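Shown next, in structure tokens, is the structure this report addresses.
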Amino acid sequence: MADLVGRTIGAGGGGGRGGAAASSMRSSGNNNSQILRGTTDISALYNLVEAAVFNMPQPDPATNELKPAELGRMREMLQQTWASIRDWLQSNPSPSDRQMAAMHQGQFLTTTLHMVCKLNDPPVDIVESLIDCSEETVTWPDSNGWLPLHHACANGASGKVLAVLVDAYPEGKVKQDKRYRTPLHFAFFRKDAHEDKMNLKADARKSAMNPTSNDANHEDDDGLGNSMPEIVALLADSGAAELQDEGGMLPIHYASAYGTTHEVLEVLLEAYPESITKRENKGRNPLHLAMVNAHRKSSPKVVGFLLDVNAAEIINVYDDDSHLPIHLLSMATKFPEEKVQERKNASDCLKLYLNARPKATADFLTAIQTLPEWLRDIAVINDHIQNILNHKIVQRFPTMILILDFVFLIMVIVVFEITTSQTIDYLFDGTNTVEPTGSGMSTPANPGLVFLIFVAGAYFLLRELVQIVSLATLGNVGSYFGDMGNWLDITRIFLIFYFGGVMFTSSPMSNDAFRSGTAITKGILWMSVISFLKSTQVEFSVFVSGVFYVVQRLAAFLLALSVILMMFSQMFYIIYAETDVCACNALYPDIEPFPHCDFKWSLLKVYTMLMGEIGNEMRYSTLPIAQFLYIAFAFLVVILLSNVLIAIVTDSYGVIKNERSAMVFWANRLDFVAEMDASKSSSNYCRFIASLKSSQSPFSLQSKTSVSVSGHAVARKEVVHPEHPRMSKRHRMENQFPLRPKKKKGLENSERGGKVS
């Protein structure tokens with residue numbers, strides 16, 4: 001009995017329970033509890049509701065929705081729970097019995113009123129009856145500092161229920177929990193927080209189909225008082241819109257992160273106009289949080305509203321990690337193709353952001369580069385982006401770099417051709433060598449020309465180093481190593497210095513190795529010319545990109561073709577192995593050998609047959625099976641697969657030429673302009689030097705960002721595919737019961753509103 005009384009009157013003084021009046025009420029309850037214990041189980045009502053909370057079906061984590069089979073069970077459980085509560089109240093008319101039952105505290109210092117508010121859409125009459133039983137319980141926080149109003153706001157209580165709780169305890173609207181969150185913060189955990197007001201009437205008409213709705217809460221009001229704007233207006237009229245949680249987040253930050261409607265945002269701004277520019281503890285304003293959650297259904301509406309109201313003061317703001325809002329978009333929108341709606345929402349947010357004309361800084365262009373390809377294609381055809389690129393590329397610095405790139409590239413091609421010819425003459429004839437003045441040592445090539453090769457190599461190396469440092473200071477060094485064009489540049493620089501050194505010495509490498517290596521180097525140099533032209537001419541850019549696009553689309557075809565060629569080469573080889581035809585190769589080595597007597601030559605022959613070199617068909621006349629294979633190969637490979645190849649190439653190149661030509665060209669121009677803009681920015685080098693002096697590596701990509709709403713993940717540690725906060729295990733548990741703290745002592749002794757570790 002002593003334990004029961006202790007649970008009933010609870011722990012803590014008047015400061016946590018509504019003051020001296022609450023203490024007096026609980027003292028009175030203590031005097032009566034021992035008398036009532038013999039006739040009434042004062043925990044029965046609490047246990048009834050607690051069982052319902054524990055046994056409620058949980059949403060599917062993948063969809064955050066109940067499965068159809070669970071909907072009926074939830075409806076039946078809720079109806080039974082409400083009926084049982086009404087039966088208990090009817091069978092216990094004594095005010096003292098009701099008072100003690102209502103004041104009884106269970107796990108985590110929750111009362112029956114707390115537990116009822118945790119259930120979805122509790123009836124108004126039950127909430128009113130519980131408050132009438134003990135008015136003080138509406139002022140009691142649980143162990144997490146949550147009032148019944150907090151629970152009701154988070155779990156979808158109707159506007160009427162919220163109004164009853166507010167009328168009973170108006171100060172509850174500005175009461176903060178252990179993490180400094182108000183009921184207004186909790187209101188954005190509701191499933192209907194993002195629904196349009198215009199849909200509420202339709203939803204009300206469908207209330208009969210809703211397994212969790214209560215007719216008493218919606219009857220004859222046609223949705224009045226239950227819309228999210230009206231709920232927010234009810235909670236925000238006493239200063240709650242100005243209160244921050246432990247992460248410095250205002251209710252408008254929650255609304256922007258979880259998604260809501262224009263009407264809700266208007267209510268929040270009317271209550272606190274300056275909130276649109278306020279930044280939480282990590283320096284993020286509401287636009288940052290909306291962009292990192294751009295995949296949500298209502299995020300485009302939030303982004304559009306914020307930019308329409310005050311784009312000038314929020315669009316170019318950096319957070320504490322030096323991220324613009326578009327940086328967070330690029331880190332949080334890596335969705336697969338099957339996520340069609342999420343991709344559409346993210347692309348709509350990007351268009352709205354670009355149409356607001358953000359400043360064309362190096363960070364902004366780098367953020368555009370880091371977008372997923374499906375978003376970058378949308379960005380580069382935006383008028384604002386194209387105007388930026390056209391303006392920047394005609395400036396002196398980019399033009400100078402373009403000219404220098406071309407001059408050094410042509411110079412190294414010409415000089416490398418001359419010096420390699422001299423070296424080959426030196427290796428094979430020992431002639432055309434040049435003896436430097438004052439030296440008795442001959443060199444394979446003219447030292448002056450080789451020096452020019454080193455100069456060109458040094459220029460290209462400097463270009464790459466500047467680009468790496470610039471991207472590192474912008475936190476995007478990973479994009480450098482993900483670009484195949486940069487690997488081409490690195491290979492070119494290495495080969496220039498390596499073979500330049502070989503030709504400068506008097507003892508070059510072996511003849512065959514030198515010829516093979518220099519031949520590959522010349523191929524790399526000419527490929528660099530193609531890469532240069534790609535960034536200057538739209539037609540050439542479309543052609544080069546079309547070639548790569550076609551090769552990517554040919555992957556399956558080339559694999560199938562390789563298998564077929566391997567199959568026919570093995571069959572021809574097995575058929576002719578150890579036959580008289582192959583024996584002639586050994587007897588008459590001077591004549592042209594039969595190709596199918598050796599597997600590698602058989603494979604080469606079927607490949608050349610694919611290319612059209614059919615040869616003399618009489619070579620297969622000695623064996624009937626060989627003739628059959630020859631006919632089958634000619635039809636399947638030479639005729640059928642060759643035409644399939646032509647069709648694939650034609651269609652794939654047509655896609656690039658007709659549909660993606662503008663995207664391809666502007667994407668190439670973006671890469672060049674972003675590189676130039678980052679290279680000439682002096683602030684980048686200041687940041688790089690500062691990062692060298694600090695413990696943080698300048699090459700660390702700042703993408704492990706946690707955009708959270710006070711413990712509810714909005715975008716988790718890797719901002720790739722952020723989940724809805726209600727899908728997290730932690731949030732599901734908090735909807736049932738407040739989490740047990742790691743240190744019980746910290747909860748019992750902490751001051752009201754203090755932080756919980």
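Here is how the numbers come out for the structure above:
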{"read-out": "Dipole of the range 449-565, positive end: most advanced residue of Q552, M484, S510 [Cβ charges, Cα centre]", "value": "S510"}
{"read-out": "Rg/Rh ratio calculated on Cα atoms of the range 225-374 (Kirkwood radius)", "value": "0.97"}
{"read-out": "Protection proxy ranking of 396-402, 153-159, 521-527, 357-363 - average other beta-carbon atoms within 10 Å, highest first", "value": "153-159, 357-363, 521-527, 396-402"}
{"read-out": "Euclidean distance of C-alpha centroids, the range 94-168 and the range 558-585, integer Å", "value": "84 Å"}
{"read-out": "Under the Debye formula (equal points on every Cα, no solvent term), log10 I(q)/I(0) of the range 500-541 at q = 0.20, 0.25 Å⁻¹", "value": "-0.67, -0.82"}
{"read-out": "Residues of the range 259-363: accessible area per residue with a 1.4 Å probe, Å²", "value": "39 Å²"}
{"read-out": "Two-decimal Rg to Rh for the range 540-580 - Kirkwood Rh, Cα set", "value": "1.38"}
{"read-out": "For the range 111-182, alpha-carbon Rg over 2.2 N^0.38 Å", "value": "0.96"}
{"read-out": "Cross-link pairs beyond the 22 Å C-alpha cut-off, checked among K359/K392; K175/K282; K118/K175", "value": "K175/K282"}
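The values are calculated or read from the model by the stated rules, or taken from the named source; none is laboratory data. Remember, it's a predicted structure, so these values are computed and weren't measured experimentally. Don't worry about glycine lacking a Cβ; one is built from the backbone with ideal geometry, like all the others, and counts go over all protein chains shown. Accessible surface areas use protein heavy atoms only, side chains included; no ligands, DNA or RNA. Shrake-Rupley method; radii C 1.70, N 1.55, O 1.52, S 1.80 Å.
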